[in-house]
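Asks: Below is the structure I would like to discuss, written out as structure tokens.
We did not get these values from a lab; they are worked out from the coordinates using the rules stated. Everything quoted here is computed from the prediction, not taken from an experiment. Please note: Cβ atoms are built from the backbone with ideal geometry, for glycine as well, and neighbour counts cover all protein chains shown.
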Amino acid sequence: MQNKNGLSFCIFYEAKIYSSKKNYAKSLECFDKAISLAEGLNHSHYLAQFSLEKAELLYENGEFKEVKRLVQKSLEITENGDFEVFYYKINNLTNLLKFEEGKHEEAIHFFKMVSEKSKQENITSDALFYITKLGIKSYDLGTKVLSLDEIDSYKEKAIEKAELLFKESNVLLYKIRAEKLKTLVFRPKTVSPDLLKSLVKWMNPETAFSEILGFLTDEYKANGCQIILKNEKTNEFETCAISSKLQDEEIDYSSGILSKAIENQKAILIEDATHTEQFQENLSVVGKAFLSVIAVPLEISGKICGALYLQRTKIKFGFFSKEDLKQVEDIAKVLSPILLRQQEALKLKIESEIRGLGIFVGNSLKMQELYSAIENASKVNFPVYIHGETGTGKELVAGALHKLSNRNSKPFVVLNCATIPKDLAESELFGHEKGSFTGAISVKRGKFELSNGGTLFLDEIGELSLELQAKFLRAIQEKEITRVGGEKAVKIDLRVIVATHKNLENEVKKGNFREDLYHRLNVLKIEVPPLRERSEDIPLLANFFLEKLCKDAGKKVAGLTPDSLILLQEQNWSGNVRELENTIAKGLVMKKDNLPINPKELGFVQKNQPTKQIRTSESEDFAGDTLDEKLDFVMKKILASELKKNSGNKSKTAITLDVKREKLYRLLKKHNL
């Protein structure tokens, strides 16, 4: 008898081993043998245990009718004995069957209650496992008893519990359970906004936009996608992400469609643009056999914050449908706040990287706008046109764009077009072959070839001749150049950045600059602000330059006096940052001690003022009875007069009267001025 007991238990464990190896046929065969032996032995405990374990296996295989029979049989076996140890398994299977009968909420609620109240680790582990499994299944069936965040939370708890139990007991079941839980994922039949929320929250700011583009293009068989968002600082809509496959003319077209969707605050479906009259002459449509388009505005609290654009040019996938449009609209509702958060995170990261370059100083609104423009331009590979007055730091902006791009490990080549002799300009840009002209004693690679793979920065682009402008345009359009005296075209892959202090639009009108080249370069324009428009940055810049110059000169100076900083902020700075740096350098040269640099040392000489006389006569009526009152009256008149002469500028008034600002403010307050 004892041998048969042992044999039945051995066969039972053999069944569990086959089950763990997913050999269900062998496992069921062993369960049946074990149950048969237990029945022959009239061993109620074994019979209930073996039957319930078999029922769990059958449940996994979807044989719910047989599961129900075995649960009922186990109830009958345990009815008249002390079998409390099996009741939790019977309850588990009963609620699993309830779930299959459509009572999803009731079943999941049961397991949630068990997970919270049970003091036995193995029972808690079972409950957490079933909550996760049924939660995912309910989502697949559309009832969504738990949110995806709740499912993720229960899944993490279930894995943690299973791994802990395996570590403590070395029972293989828990190791298998932990591994199985890790593979449990929700795979919807349709796109779920909740799923998107769950997925997007794990994306890095750097990759979020590209991952979303990838998701949209894969999900909707689109070969082009664009995302634009509103910049709250500039109030303009900016491209945040764009498919590499979109051509320039397609970007113009998509921008037009996106603008229309934003303006009308309504999603757009163009099933076939090639047969839509209003688009037939558009460059992105001409020559295409097929073009289907979706554009959907992004909205938060009734305000448009951006838009999504998808296009399909492969006829084998068919037109976008109204169902596609509806799904993209649903996705847009979810993506709107997510994309804005990702955009803000990316802005902060890139702004931090821009500052980390150590080449920009300033926190003014104008500089914030500049950082934003650099950020936008750093994400795409289009030409960039930098405009700004002389001395504003255009080359620094170009350098930042290169360092923040994916070409930062490749060459950054700079050429100032204003410094090249006209007869050598073509050779400098495109190179020359040996013997192509007098003095060409060897082959020379031009700036285009030298910057291949990286970035070519042409400063003062407005100085190029019209003939060279034509060759430059051809080079960036065809992505190839021909050396002077050469016949073979050389392929190039680079990013072009140009800069000028001139107004190219005006130069086009004057006939000095090619209109087609201007439009090609004007896709991304960055305006570098003059120093007078960001005077609040001048104290930061002045101290930055002073620290740098002191280090170079080996001097120690205790900063700049308050009056010096005030005067620096009040200058026009026609030479911009460069002129400011030279002024600080001049002050440092004049400095003979370690005290702060004063206005005189910076070159701000206070003109001699004629002695001010207060003429009085015996008949003049001074307000006040006492001497102090009469002196106060005179003091107020002097302060009012000087303040008026300085157009209300208190800082200048303090310098004129040779008093500290703090004292002047006290006097003005005292006399209600």
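Asks: What is the Cα centroid distance between segment 15-63 and segment 444-458, reported in whole angstrom?
Replies: Using only Cα atoms, the two centres lie 74 Å from each other.
Asks: Points 7 angstrom from Cα along the Cβ direction at Lys322 and Arg661: gap in nanometres?
Replies: Spacing of the two 7 Å Cα→Cβ label points: 6.7 nm.
Asks: If you don't mind, another one. So, counting K/R as plus one and D/E as minus one, what does the shell of residues with Cβ under 10 Å around Leu473 add up to?
Replies: Details: positive: Lys471, Arg474, Arg514, Arg520; negative: Glu478, Asp516.
So the environment of Leu473 carries a net charge of +2.
Asks: Let me ask another. Can you list residues from other chains, or at least 5 along the same chain, whose modelled amide H is less than 5 Å from the amide H of Gly486?
Replies: The answer is Glu433.
Asks: Sticking with this one: Give me the number: length gained by fully extending Arg578 to Asn506, i.e. 0.36 nm times residue separation minus the C-alpha to C-alpha distance, one decimal in nm. All intermediate terms of the calculation are to be shown ahead of the outcome.
Replies: Values: separation 72, 0.36 × 72 = 25.92 nm, distance 2.57 nm.
So the chain would gain 23.3 nm between Arg578 and Asn506.
Asks: Can you work out the Karplus-derived ³J(HN,Hα) for every residue in segment 648-659? Use 6.51 cos²θ - 1.76 cosθ + 1.60 with θ = phi - 60°, whole Hz, and x for glycine or proline.
Replies: So the Karplus estimates, Gly and Pro as x, are x, 6, 5, 5, 5, 4, 5, 5, 4, 8, 6, 10 Hz.
Asks: Using a 7 Å offset from the Cα along the Cα-to-Cβ direction at both Glu168 and Phe437, what is the distance between the two label points in nm, to one decimal?
Replies: Calculated label separation equals 8.5 nm.
Asks: Right, here's the next one. Compute the FRET efficiency between Glu271 and Asp152 as 1/(1 + (r/R0)^6), taking r as their Cβ-Cβ distance and R0 = 35 Å, and round to the nearest 0.05. Walk me through the numbers before you get to the answer.
Replies: Values: r = 39 Å, r/R0 = 1.10.
Taking R0 as 35 Å, the efficiency between Glu271 and Asp152 is 0.35.
Asks: Exceeding 23 Å between C-alpha atoms, which entries from my cross-link table qualify? They are Lys488/Lys525; Lys394/Lys525; Lys266/Lys303; Lys133/Lys326; Lys322/Lys379; Lys586/Lys663. Intermediate results must be reported in sequence, preceding the final value.
Replies: Working: Lys488/Lys525 33 Å; Lys394/Lys525 12 Å; Lys266/Lys303 12 Å; Lys133/Lys326 30 Å; Lys322/Lys379 32 Å; Lys586/Lys663 30 Å.
Beyond 23 Å: Lys488/Lys525; Lys133/Lys326; Lys322/Lys379; Lys586/Lys663.
Asks: Here's something else I'd like to know. Please report, to two decimal places, log10 I(q)/I(0) for segment 2-183 at q = 0.18, 0.19 Å⁻¹ as given by the Debye formula with identical point scatterers on the Cα atoms and no solvent.
Replies: Here the Debye-derived log intensity ratios amount to -1.31, -1.43.
Asks: I've got another one for you. According to the Cα gyration tensor, what semi-axes, each the square root of 5 times an eigenvalue, does the equivalent ellipsoid of segment 357-529 have, listed from largest to smallest in whole Å? If you can, show how the numbers build up before the last one.
Replies: Details: eigenvalues 160, 66, 39 Å².
The equivalent ellipsoid of segment 357-529 has semi-axes of 28, 18, 14 Å.
Asks: Between Lys303 and Cys550, with labels modelled 7 Å along Cα→Cβ, what's the label distance in nm to one decimal, could you check?
Replies: Going from the Lys303 label point to the Cys550 one covers 4.4 nm.
Asks: Moving on to the next point. Just tell me which aspartates and glutamates come within less than 13 Å, Cα to Cα, of Lys89; anything on the same chain fewer than 8 places away is out.
Replies: Excluding near neighbours in sequence, the set is Glu53, Glu56, Asp126.
Asks: Taking neighbour Cβ counts within 10 Å as the exposure measure, how do Leu269, Leu258 sort from fewest upward? Walk me through the numbers on the way to the answer.
Replies: Details: Leu269 17, Leu258 23.
Sorted ascending by nearby Cβ count, the order is Leu269, Leu258.
Asks: Can you compute the charge dipole magnitude of segment 2-183 about its Cα centre, using +1 on each Lys and Arg Cβ and -1 on each Asp and Glu Cβ, nothing else charged? Give it in debye, rounded to the nearest 20.
Replies: Numbers: 28 positive and 29 negative charges, 75 e Å.
Using Cβ point charges on Lys, Arg, Asp and Glu, segment 2-183 gives about 360 debye.
Asks: Shifting gears a bit: If R₀ is 51 angstrom, what is the calculated FRET efficiency for the pair Leu365 and Glu63, using the beta carbon separation as r and rounding to 0.05?
Replies: Numbers: r = 69 Å, r/R0 = 1.36.
Step by step, r from the Cβ atoms, then E = 0.15.
Asks: Sticking with this one: Taking 0.36 nm per residue of separation and subtracting the Cα-Cα distance, what length does fully extending Leu631 through Leu7 add? Don't skip to the answer; put the middle values down first.
Replies: Working: separation 624, 0.36 × 624 = 224.64 nm, distance 11.86 nm.
The span from Leu631 to Leu7 would gain 212.8 nm if fully extended.
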